[in-house]
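Some notes on the structure that comes next.
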Amino acid sequence: MNTSLPLSNRFLFTYFTLINFLNFLDRGIIPGASSQFNAFITSNLETNSPDVYLGLLQSAFVAGYSVSILYSAHLLHSNRFTTLLTVSLCIWLISILGSGLSGEKILGGSYWSLLFFRCLSGVAEASFQCIIPPLIQDRCADVYKLQLKDQQPHLSSLDEESSFSVSTNNGAKTQPKDATATWLSIYFTAIPCGTAVGYIFGSVMAESSLGWTWAFYLEGMAMVPLVLFTVVLRWSEKRREELREPKKKYLEIESDKLLAPLLQNQNNPPPTSSPRRVSRLIDPSTLHLRPTMLTELKSCLSSLPFVSIILAYAAYTAVLISISTFGSAFVLALGFYDEETTASLVFGGIVSVAGIVGTPLGAVIINSIQYSEEECKEGEDGEPHDLLKVAKSMKLLNIAQFTGILFLSPMVFATSSILFLSSMFFGCIALFVATAFFNLNAMLSVPRQHRSFAVGLLTFGLHALGDVPAPVVVGYMKDSLAPACDINSKGKFDDLQECRDQATGIRITLGVTFSWLIFVLVYVELTRRR
């Protein structure tokens, strides 16, 4: 019966994408309602520089993330990914509930309480962000290998359930393709979409009679079914293992070729842990090694392409987070709109559409790369060497990022809303192309058994060097160069006309922010040259 089979790849990837969407919707609430949060900060802390605290609030999740990300990735060597996912989503629900309660009288309307629960949301995000990309790569690799062996007359029920169609409508066989880049792009499209929807959602809720606290409550309610579904997911993955394992002994598995090194080398001791506790993201042939966190850290950082990818991704993220955090404030200060709700709707809509177009476009570009027969022989299973894939794809990424800089530049001096928004739209499309490139190439730049740790380290690096300092620096620069554009306790500019007279300060802030993209070009080129 179908109810006894594991979940299909499409269903599983859709589930992961929904989680990522809600996670980034949560990230968009604060910048979407920046005036109301600035009013909350001003009345709570009695400060004249609320944008600095707003930037700190937006990047606070990184504190919790940095504490847990590397340890969470390392736990995959001894725990099911479903266990880590369940725990992380439960912590996420607690952080969302606490964020809403921090604005209520029950907690005294405390800024510091809100800051703590935003930090806690980073702990929750840590686990699933280092699990999902390698899992997608593994599942797509399984399907790709099945397609290469499609001439075999029989497939197991597991393979039929989890594989994608490889036939055309007339029954003719198609050339197999690795779908990793495609599914990674779909997963990461949730980032701009979730952020943009959260931007609009936060603005609408803040302007409603319910207030911004209910924005957190409602998103928490939406996450509850996804948390409960982890019970089904755990059962499905357990059933998947049972279908792949023999009824006799663990080491007698014939279908799982990953165990071949154990059978060929009798000097290697058998795995010390039960296979039921082994994540599929870890190569079973390396279980007896049990690397320490320090070993994994050294292995990842010894890869120069991987280090360059971290630095490029951090600079890239710094620009995007700065635009998303202060975008509506910039639009208001430059006089393009008079109401924050309108500015948030327009800004959020543009970013959302740009993300929907740009992120999958990255996968299209990656899939368009061609390799010669000689290049294909350099790797395994008729595939090009991983570092060759990195070098070729990064060359195309640099072209896309340079195009993005050209499109974004007019925003600095634009006096027309059409020019400003059009420039932002096409520039963001070019920027969002990079998401799939960075994540896929990070996994290709390190040994297979360290991929999850590498993804965790990559995300930690982009947050520590991008998400954390950028909103604070840009917020301080904005407050210094355009002090009249500070938000008062009523969520309005003290003097809107004076703020618009200081538009030069806003434009300088934009120009400095966009200049960080130069570092992206430099580090991407270093990655390409290996």
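A few points about this structure:
- Unique residue being farther than 22 Å from G404 by Cα and either among the acidic types (D, E) or in contact (Cβ under 8 Å) with a residue 24 or more places away in the chain (or both) when the list is L311, L332, L320: L332
- Conditions (1) modelled with pLDDT of 85 or more; (2) at positive phi: number failed by V364: (2)
- The residue list L57, L12, L85 contains one member that is under 30 Å from A484 (Cβ atoms) and part of a helix (DSSP H, G or I), which is L57.
- Check on S72, in contact with a Ser or Thr (Cβ under 7 Å, 6 or more places away or on another chain), over 15 Å from A206 (Cβ atoms), assigned to a helix (DSSP H, G or I) and touching a residue at least 24 places away in the same chain (Cβ under 8 Å): yes
- Test set (1) open to solvent by 20 Å² or more (accessible area, probe 1.4 Å); (2) within 30 Å of I350 (Cβ to Cβ); (3) modelled with pLDDT of 75 or more - V52 fails condition number: (3)
- Under the condition of being surrounded by fewer than 24 Cβ atoms within 10 Å (Cβ to Cβ) and either touching a His at 6+ places or on another chain (Cβ under 8 Å) or of a type in the set (A, V, I, L, M) (or both), the residues counted in the stretch 116-134 number 2.
- Within the stretch 440-453, the residues that satisfy the criterion of being part of a helix (DSSP H, G or I) and of a type in the set (A, V, I, L, M, F, W, C) are L440, A442, M443, L444, F453.
- Residue check for A206: in a helix (DSSP H, G or I), within 25 Å of the chain's Cα centre (by Cα), closer than 23 Å to I29 by Cβ and at pLDDT 75 or above: no
- Scanning the stretch 425-439 for residues that are surrounded by 24 or more Cβ atoms within 10 Å (Cβ to Cβ), part of a helix (DSSP H, G or I) and of a type in the set (A, V, I, L, M) returns L431, A434, A436.
The values are calculated or read from the model by the stated rules, or taken from the named source; none is laboratory data. If you're wondering where the values come from, they're calculated on a predicted model, not measured in any experiment. Here Cβ is always computed from backbone atoms with ideal geometry, including for glycine, and neighbour counts include all displayed protein chains. These area figures cover heavy atoms from the full protein model, side chains too; ligands, DNA and RNA do not enter into them. Shrake-Rupley method; radii C 1.70, N 1.55, O 1.52, S 1.80 Å.
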